[in-house]
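What follows draws every value from the coordinates through simple rules; no lab data is involved. What you see is a predicted model, and the numbers here were worked out from it, not measured in a lab. With ideal geometry, Cβ positions are generated from the backbone for all residues, glycine too; neighbour counts draw on all protein chains shown.
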Amino acid sequence: MDQHFTSQTVSTDSRPAPISAGYASGVREECGIFGIYDTAGGGVSREIYRGLCALQHRGQESCGIAVSSTDGPPKNIRFHKGLGLVSEVFDEPRIASLTGNLGVGHVRYSTAGSTTVENAQPLVLNYIKGTLALAHNGNLINAARLRREQEYTGALFHTTIDSEVIAYGIARERVRCASVEEAVKRTAVHLEGGYALVITSPRKLIGVRDPYGLKPLCLGQKGSSWILASESCALSSIGAEFVRDIRPGEIVTITADGIHSDYMEAPQARPAHCVFEYIYFARLDSVIDGVSVYNARLKGGAALARSCPADADLVAGVPDSGLTAAVGFSQASGIPFALAFYKNSYVGRTFIKPTPEERQSAVQMKLSVLEPVVQGKRIVLVDDSIVRGTTMSALIKMLRKAGAKEVHVRISSPPFLHPCYFGTDVPSNRQLIASDHSVETVRSLIGADSLAYLSMEDLADMTEGLPLCRACFDGHYPMEVPEGDIRNALEEL
Ligand code: AMP
């Protein structure tokens, strides 16, 4: 039998890649990652599947699982990835074929264009020291420069994702140093941006968080298994206990002998956790860096009710992203909460549709108004954010058509003014409705009777004073960011 057999399957599903968003067709990563090592040798692919299902909200465009056995030959890794949801890409026989006690998984969300199976993760790299599987959440701001440097030393790239730059960096360092964790540490010195990584080497599971802690990563345990996941909801989904969050700049290495931690050398970096996880991105039942996502959203809504009250008959939330803040608003104001919309959960995302018209009709496909609830009523409508304004203006039109008397919009985040460079899908300035319009102009553009946003002070309270990256609201990036749009940087090389 060939000792260096690597089995791989990549399903090139025939579905067309989603049409690219008008502003950019580049790769941005808002992903979910999961890693597990059963030190007693039990199979892990089912746990990875379930963990990825729990992280599905973090990415619906592609997914993958890579698994190996720590007592097998060093280059024996099995992986499968494809375009689509976890439940579409993996069926029972496929999961059963991924045998091994160590593995990583990934769900990916990108702003289209590059939704190809080549760009799906985990990345699996065979090199002189064995096999490396890597799953990455985040965005590097210097990926193009790093890749160019690597190409000049002979590297060949198969994808247009920055994760390959990281994987190649680690493999290259590994041949020059004593351990894979040391190779990760040496590679991290060169990485700029936001990233959380889970990596397997033949006998180790490694978790990494950038020195600012921009992207979330936590550690869990279930019997003889150690787990790393983007969010704690993935731990609960497999019945694992939450142990702790991985710290900013931490490299945690899990071996058969236990856990070992090391830290990157980044003296200038201060923790700056992504605020958008609490506002929109993370799942409601997750706790990230000690702060419950549910509590944060509830508090945001309550703060809005205190600082920007409205005379109304009922409070409604935009499903699903505004519902919790709407409950908070209702509790603090005493105005009853009501379901104003029915959501069709079987249609896909509206956010990345290319034109305003398509986004608007996609909103109508996804949400319909419950006329008996809203007819003749003065409504407070709560959502977590206004980005381009498409969702809100479509919903207000629908509410008015159904007979709503007044619509007072309350947004449980400050106005979006600046793009994100670290992997959150916020379009460039020119598409952000608040970046060149006053609150009053936005109000009139979306057709609301009144409009108010959460203040920066209330935002800080909402996340219990956690050190945050709030650059999308205040433009203070935790590190120097490049000028202009870097979304297409790797594809343009
Ligand atoms: P827009 O219609 O462009 O104003 O987008 C606002 C809506 O999109 C809100 O309902 C948000 O919950 C949602 N949203 C905000 N940011 C994102 C994001 N990065 N990805 C997907 N949806 C988002």
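Structure notes:
- Per-residue extension of 0.36 nm, minus the Cα-Cα distance of ARG94 and ARG148, leaves a gain of 15.8 nm for this segment.
- Global form of the stretch 245-297, assessed from the alpha-carbon gyration tensor, a/c cut-off 1.5: oblate
- Percent antiparallel among DSSP beta bridges (both partners in the chain, rounded to 5): 75 percent
- Cβ-based exposure ranking for CYS63, CYS469, CYS233, in which fewest neighbours within 10 Å come first: CYS233, CYS469, CYS63
- Stretched out straight at 0.36 nm per residue, the stretch from GLN331 to ARG400 would grow longer than its current Cα-Cα span by 22.3 nm.
- Computed over the stretch 137-179, the ratio Rg/Rh where both radii use C-alpha atoms and Rh is Kirkwood: 0.97
- Counted by Cβ distance under 10 Å from LYS185, the other residues give a net charge of -4, where Lys and Arg count +1 and Asp and Glu count -1.
- When +1 charges are put on Lys and Arg Cβ atoms and -1 charges on Asp and Glu Cβ atoms, the dipole computed for the stretch 33-151 relative to its Cα centre reaches about 260 debye.
- Stretchable slack from HIS437 to ALA460, in nm (0.36 nm times residue separation minus alpha-carbon distance): 5.8 nm
- Loop-resident chymotrypsin sites (Phe, Trp or Tyr not before Pro) (DSSP state other than H, G, I, E or B) in the stretch 121-205 with no more than 16 further Cβ atoms inside 10 Å of their Cβ: PHE157.
- Taking the square roots of 5 times each eigenvalue of the Cα gyration tensor of the stretch 348-431, largest first, gives ellipsoid semi-axes of 26, 15, 9 Å.
- Of the residues ALA120, SER110, SER179, the one whose Cα sits farthest toward the positive end of the charge dipole of the stretch 53-206, with +1 on the Cβ of Lys and Arg and -1 on the Cβ of Asp and Glu, is SER179.
- Dipole magnitude for the stretch 376-493: about 960 debye, using +1 per Lys or Arg Cβ and -1 per Asp or Glu Cβ, origin at the Cα centre.
- FRET efficiency estimate (nearest 0.05) - Cβ-Cβ, GLU182 to LEU284, R0 51 angstrom: 0.85
- In the chain, the calculated helix contribution to ellipticity at 222 nm averages -7500 deg cm²/dmol per residue, counting -39,500 (n - 2.57) for every DSSP H run with n ≥ 4.
- Note on the stretch 177-332: along the principal axes its Cα atoms extend 67, 38, 19 Å, ordered by decreasing extent.
- When GluC sites (Glu not before Pro) are flagged only if DSSP places them in a loop and at most 16 other Cβ atoms lie within 10 Å, the longest unflagged stretch of the chain comes out as 1-264.
- The convex hull around the C-alpha trace of the stretch 291-370, projected and averaged over every direction, spans 6.4 square nanometres.
- Student exercise, the chain dipole from Lys, Arg, Asp, Glu Cβ charges, in Debye to nearest 20: 600 debye
- Shape metrics for the stretch 391-477, restricted to C-alpha atoms - Rg then Dmax, Å: 14.6, 44
- Global form of the stretch 46-161, assessed from the alpha-carbon gyration tensor, a/c cut-off 1.5: oblate
- Sequence of MET462, MET365, MET398 once ranked by neighbouring C-beta atoms within 10 Å, starting from the fewest: MET365, MET398, MET462
- When SER444, SER286 are sorted by how many other C-beta atoms sit within 10 angstrom of their C-beta, beginning with the fewest, the order is SER444, SER286.
- Applying 1/(1 + (r/R0)^6) with r as the Cβ-Cβ distance of LYS222 and VAL347 and R0 = 35 angstrom yields a FRET efficiency of 0.50.
- Rounded if a/c under 1.5, otherwise prolate or oblate - the stretch 279-421, Cα gyration tensor axes: oblate
- Estimated Rh, the chain: Kirkwood, alpha-carbon pairs, angstrom: 23.1 Å
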